[in-house]
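A quick write-up on the structure given underneath.
Rule-based calculations on the coordinates, nothing more; no lab input. These numbers were taken from a predicted model, which means no experiment stands behind them. Positions of Cβ are backbone-derived with ideal geometry, glycine not excepted, and every protein chain shown enters the neighbour counts.
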Amino acid sequence: MSDKSKRRGLLIILSSPSGAGKSTLARKLMAWDDGLSFSISATTRAPRPGEEHGREYYFLSEEDFKSQVADGRMLEHAHVFGNFYGSPAGPVEETITAGNDVLFDVDWQGEIQIRNSDLGKHALSIFILPPSITELHRRLISRGQDSEEVIAKRMQKSWDEISHWGAYDYVLINDDLEATEAQLKTIITSERMRREQQPMLQAHVNLLQQQFQEMS
């Protein structure tokens, strides 16, 4: 793995319908590299017991949130169940400048907004597909977390999410968790070496040019 001080971090976007394995894969990536961190979202909802500003969320007033959106300080944002949620650009920029990657769990709309932001050139988007709709349904049931009504709603929403797979850099079919995890690690390791992610390259090329001129 390259020296983090010599590269710029990535904005790694993971998207999938519920039940495709995204959350499990995200946890495995976090365990793989301690330099990888989740993006902390901002929200206008009130803190719940035990939540702290800057840990679970950045808790903002609606006025402050809208001001940040207007000033271009949110990489992406959405209005969900009466509250605003978004990804502040400042902390993300600080993290990737230090050579660390930031992981985003957003839908296709969030992916587009991040891609179109000022930091979009450092984005890497990956969509996780289930092996089949039957398997997707089985996984949602086996989690034992949702009622039949909620599962039905998740299934209805899944096709809308899947239909946007073509907007992503990489698309993986998660029919084998270990194989998909290995593919993710390979993609991230390779993308870290993109020319745009290595700001030190220009200085090195300038040095080579200087050395060449000195030899002439």
- Query: Looking at the P(r) of the range 38-87, how many percent of alpha-carbon pairs lie beyond 19 Å?
  - Reply: 18
- Let me know the shape class of the range 59-143, please: from the alpha-carbon gyration tensor, a ≥ b ≥ c as square roots of the eigenvalues, rounded when a/c is under 1.5, otherwise prolate if a/b is greater than b/c, or oblate. oblate
- What is the mean projected area of the alpha carbon convex hull for the range 137-179, to one decimal in square nanometres? 3.9
- Counting only residues 5 or more places away or on other chains, whose amide H sits under 5 Å from the amide H of E76 once H atoms are built in the peptide plane? S87
- On Cα atoms only, tilt of 177-191 relative to the major axis of the chain in degrees: 30
- Note on the structure: Along the dipole axis of the range 1-131 (charges at Cβ: +1 for Lys and Arg, -1 for Asp and Glu; origin at the Cα centre), the most positive-end residue among S87, N100, L129 is L129
- Query: Nearest 10 degrees, 0 to 90: what angle lies between the long axis of helix 200-215 and the longest principal axis of the chain (Cα atoms)?
  - Reply: 20
- Query: What's the exposure ranking of M74, M193, going from fewest to most Cβ atoms within 10 Å?
  - Reply: M193, M74
- Residues T189, T95, sorted so that the one with the fewest Cβ neighbours within 10 Å comes first: T189, T95
- Note on the structure: Expected sort for R139, R192 with the fewest Cβ neighbours (10 Å cutoff) up front is R139, R192
- Message: Between 0 and 90 degrees, rounded to the nearest ten: what's the tilt of helix 22-32 against the longest Cα principal axis of the chain?
- Response: 40
- Query: What residues have an amide H closer than 5 Å to that of I173, excluding those fewer than 5 places away on the same chain, when H is modeled at 1.01 Å from N in the peptide plane?
  - Reply: L129
- State the Cα centre-to-centre distance between the range 142-216 and the range 48-97 in whole Å. 23
- Item | Contour excess over end-to-end distance, with Cα ends at S37 and S190 and 0.36 nm allotted per residue | 53.2 nm
- Query: Karplus couplings for the range 123-136 from phi (6.51 cos²θ - 1.76 cosθ + 1.60, θ = phi - 60°), rounded to Hz, Gly and Pro as x?
  - Reply: 8, 10, 10, 9, 10, 9, 9, x, x, 6, 5, 4, 5, 4
- Note on the structure: Among K121/K185; K6/K185; K22/K185; K6/K121; K66/K157; K22/K157, the pairs whose Cα-Cα distance exceeds 23 Å are K66/K157
